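For reference, the structure is listed below as structure tokens.
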Amino acid sequence: MENPHASLVFYWDYLEKVVRIEGLIEKISEEQSTEYFNSRPRESQIGAWASHYQSAKVSSREELEQNARVRLREISNDIFRNMRISLRILK
């Protein structure tokens, strides 16, 4: 990994604060990635497939929703993790 440093920023409504987290990222194992994917709700699994690469830009929400509808028609009841997506953990 070229640059293992990462940060994320989000607004925490309950606290009325902006939270920033910084750390190093590590790729997790394929087994852990699959276990996490399988623990997600079906709609989240479909969303992961519809977004192709989760860090890629999407031109519009409509495009993402259309991709999800197409994927829903294409897949069976069992959804398998997209092996192109490797999960990372922020430590």
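I need the peptides 29-38, 8-17 ranked by packing, meaning the mean over residues of other C-beta atoms within 10 angstrom, with the highest value on top. List each step's numbers first, then the result.
Numbers: 29-38: 12.8, 8-17: 8.4.
Descending packing order for the listed peptides: 29-38, 8-17.
In nm, what is the difference between 0.36 nm times the number of residues separating residue 58 and residue 27 and their Cα-Cα distance? My answer for the length gained is 8.8 nm.
Here the spin labels are modelled as points 7 Å beyond Cα on the Cα-Cβ line, and at residue 89 and residue 35 they lie 0.9 nm apart. With the Cα gyration tensor of the range 1-50 giving a ≥ b ≥ c as the square roots of its eigenvalues, does the rule (a/c under 1.5 for rounded; else a/b larger than b/c for prolate; else oblate) give rounded, prolate or oblate? The shape class here is oblate.
Throughout, read-outs are computed from the coordinates displayed, never taken from laboratory work. Bear in mind the structure is a predicted one, so any value in this text is a computation, not a measurement. Don't worry about glycine lacking a Cβ; one is built from the backbone with ideal geometry, like all the others, and counts go over all protein chains shown.
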